[in-house]
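Okay, so here's the structure we're looking at.
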Amino acid sequence: MVSSLPESQEDLQEKDIQRLERIRHSCAHLMAMAVQRLFPGTKVAIGPVTDTGFYYDFDCPVSITTDDLGKIEVEMRRIIKDNLPIIREEVEREEIKKEIAALNEPYKLEILERIPNGETITRYFIGIPDDGEKELSLFAVDNIKDDRKTVSDEVREYAELVARELHKEGLRVEVDSSGERLGKQIRNAELEKIPVVAVVGKREVENQTLSVRTRQAGDLGALSISETITCLQSAIALNSTI
């Protein structure tokens, strides 16, 4: 499933960026499958490639430490030896929704809900569909593409409107309309220890809401602008970090 490379990553990156991204993408899913085997009950969110490798966001019932990294690598190599297929197929929204619910993967359900109606939904998974174990990933389109996407004027204008409303209440907010992949933006926010991230897309514009995520409480779901302001003000009043 993942073959050894005769070239260095640097050489390969120059020659075939798409091949390198596919390898990193496969490794991310291998890691997710290994972690879920080693730590039952772990929920997975997003696992995109980065400029230097890959990562995966986990909601794990126990703390994973550096001592566990070797175990995870061993399990990944064991999965590779099983030579499981990586399957890609287009699916209907209701079909994949039921499958995600059966797998008890709430973060994958959030990803599904963010895919606009009418877009082709593609799933990738490792393993045989009916073997009782698989690592599933969900995308609106094939994910081996440029990291950046064009932010529409409609979305940008709504984000700026939200920022103005929060500014009026004395809340500090910055609008990021760079078009970077959502997973990378969220990861950067975590590294910078930004306490609250609000995501705005086509769905949020249509519903006049924000998808709010916090460092402490995780995803708060869809909130109106006023609900978001109330949530932030309450946290400030309690002198707490959300």
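The values are calculated or read from the model by the stated rules, or taken from the named source; none is laboratory data. This structure is a prediction, so every number in the text was calculated from the model and none was measured. Here the Cβ is made from the backbone with ideal geometry for all residues, glycine too, and neighbour counts use every protein chain on show.
Summary table below
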quantity: Only listed residue being in contact (Cβ under 8 Å) with a residue 24 or more places away in the chain, surrounded by fewer than 16 Cβ atoms within 10 Å (Cβ to Cβ) and under 21 Å from the mean Cα position of the chain (by Cα), chosen from 105, 89, 99, 95; calculated: 89
quantity: Failed item, numbered, when residue 231 is tested on (1) modelled with pLDDT under 70; (2) out of contact with any Cys (no Cβ under 8 Å at 6 or more places or on another chain); calculated: (1)
quantity: Pairs where the first residue, in segment 108-119, is free of Cβ contacts under 8 Å to residues at least 24 places away in the same chain and over 11 Å from residue 96 (Cβ atoms) and the second is among the aliphatic types (A, V, I, L, M) and part of a loop (DSSP other than H, G, I, E, B), C-beta under 9 Å, 6+ apart; calculated: 119/140; 119/141
quantity: Residue within segment 119-136 that is at pLDDT 80 or above, within 24 Å of residue 207 (Cβ to Cβ), out of contact with any strand residue (DSSP E or B) (no Cβ under 9 Å at 6 or more places or on another chain) and not hydroxyl-bearing (Ser, Thr, Tyr) present; calculated: yes
quantity: Considering residues of segment 38-71 that are touching a residue at least 60 places away in the same chain (Cβ under 8 Å), not hydrophobic (A, V, I, L, M, F, W, C) and not in a loop (DSSP other than H, G, I, E, B) only, the residue surrounded by the most Cβ atoms within 10 Å (Cβ to Cβ); calculated: 43
quantity: Of all residues in segment 210-229 being charged (D, E, K, R) and in a strand (DSSP E or B), the one that is surrounded by the most Cβ atoms within 10 Å (Cβ to Cβ); calculated: 213
quantity: Which numbered condition residue 221 fails, given (1) more than 19 Å from residue 112 (Cα to Cα); (2) modelled with pLDDT under 85; (3) in contact with a strand residue (DSSP E or B) (Cβ under 8 Å, 6 or more places away or on another chain); calculated: (1)
quantity: Among the residues listed as 212, 162, the single one being in contact with an Asp or Glu (Cβ under 8 Å, 6 or more places away or on another chain), modelled with pLDDT of 80 or more and among the β-branched types (Val, Ile, Thr); calculated: 212
